[in-house]
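The values are calculated or read from the model by the stated rules, or taken from the named source; none is laboratory data. If you're wondering where the values come from, they're calculated on a predicted model, not measured in any experiment. When we count neighbours, we look across all protein chains shown, and the Cβ atoms used for this are built from the backbone with ideal geometry, even at glycine. The area values use the complete protein model at the heavy-atom level, side chains included, leaving out ligands, DNA and RNA. Shrake-Rupley method; radii C 1.70, N 1.55, O 1.52, S 1.80 Å.
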Amino acid sequence: MNGPVVHESSPASTSWRVALPHSTAAVPVARALVRTALAERRHVADSDTAELLTAELVANAVEHTSGSTPIELVVRMLPTGFQVEVHDADPAPPGDLTRPALAPPDPWQEHGRGLLLIRTLSSSCGHRPTESGKAVWFRLPGQRRPV
């Protein structure tokens, strides 16, 4: 991993937290952490969707915040779902995450679909201020598989 990981290995463990570099190299690391967290906890949330939305959050944090301050990925298992948060140092809210865009994304442009994907594919999403910037998050439904 590219940063210190906090992970409780007990069966009651419900969260993972990792500092990621402020670079595009953070995206595959974040995807792998989410995939591992879901598999390790035998969670039935849609792993492909979780990885895709995590990649979008991390890529947005890297692309739209300046500096080299690491970003932080927080993965939480909830009783009725799964939540991913990405923390960055920029306090500005993330564009149109919680409200529909006025116009659809241009199909010829490479950018402009990430927040639309998060809004559309997650069960809920949002952002909140933190002491050092903001956290942007999404949730997916699901629960732990019985042993």
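Of all residues in the stretch 115-143, those being assigned to a strand (DSSP E or B) and at pLDDT 90 or above number 15.
So, in the stretch 25-68, of the ones that are β-branched (Val, Ile, Thr) and in contact with a helix residue (DSSP H, G or I) (Cβ under 9 Å, 6 or more places away or on another chain), which residue ends up nearest to residue 81 (Cα to Cα)? Looking at residues that are β-branched (Val, Ile, Thr) and in contact with a helix residue (DSSP H, G or I) (Cβ under 9 Å, 6 or more places away or on another chain), I get 44. Residue under question is residue 81, and the condition is that it be within 23 Å of residue 14 (Cβ to Cβ) and either open to solvent by 10 Å² or more (accessible area, probe 1.4 Å) or at pLDDT 90 or above (or both); does it hold? So residue 81 does not fit the description; no.
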